[in-house]
Amino acid sequence: MQGLWTVEFGSTLGQFGSGVVVLQDGRVMGGDSGYFYTGTYTETGHAFRATIAVTPFVDGVQSVFSTLGKNLQLTLVGTLSTDGASATAQGELSAAPQMRIGVRFIKRA
């Protein structure tokens, strides 16, 4: 899974967004227009799991995460495609476990 990925995500609340993430040596680093992401991931075969801190750096920016406060933790469970060029995942935020987040990853480099 190592590399540079673009991500598109949506929530069960009907909010959508996109960003970039770098996955390298079990670490996640990335962001979007108002939040940065840091965390860890593990992979077993084509399955993966990630725990990501989602932290705002621009106040008031519209985002899937904007109504949920600061310093959020996102847990994702997903599957890498057989060719390794894409992945999908489902997850939840610690601050709103009833809200589901879907994420689509496209490998860019």
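Report those strands (runs of 3 or more DSSP E) wholly inside the chain carrying at least 1 residues which are free of Cβ contacts under 8 Å to residues at least 24 places away in the same chain.
Those strands (runs of 3 or more DSSP E) span 16-24, 27-31, 35-44, 47-56, 72-80, 86-93, 96-107.
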Leading residue by the ranking (surrounded by the fewest Cβ atoms within 10 Å (Cβ to Cβ)) among those in segment 39-50 that are β-branched (Val, Ile, Thr) and under 20 Å from Leu93 (Cβ atoms): Thr42
Just need a number here: residues in segment 46-65 that are closer than 21 Å to Leu23 by Cβ, β-branched (Val, Ile, Thr) and at pLDDT 75 or above. 4
Across segment 66-101, what is the number of residues that are open to solvent by less than 70 Å² (accessible area, probe 1.4 Å) and modelled with pLDDT of 95 or more? 10
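Conditions tested, residue by residue: (1) among the hydroxyl-bearing types (Ser, Thr, Tyr); (2) farther than 14 Å from Gly91 by Cβ.
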{"position": "Phe9", "(1), (2)": "no, no"}
{"position": "Gly17", "(1), (2)": "no, no"}
{"position": "Asp25", "(1), (2)": "no, yes"}
{"position": "Val28", "(1), (2)": "no, no"}
{"position": "Tyr37", "(1), (2)": "yes, no"}
{"position": "Val54", "(1), (2)": "no, no"}
{"position": "Phe57", "(1), (2)": "no, yes"}
{"position": "Gly60", "(1), (2)": "no, yes"}
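The values are calculated or read from the model by the stated rules, or taken from the named source; none is laboratory data. What you see is a predicted model; the values in this text were computed from it and never measured. For neighbour counting, all protein chains shown are included, and Cβ atoms are generated from backbone atoms with ideal geometry for every residue, glycine included. What goes into the accessible areas is simple: the full protein's heavy atoms, side chains included, and nothing from ligands, DNA or RNA. Shrake-Rupley method; radii C 1.70, N 1.55, O 1.52, S 1.80 Å.
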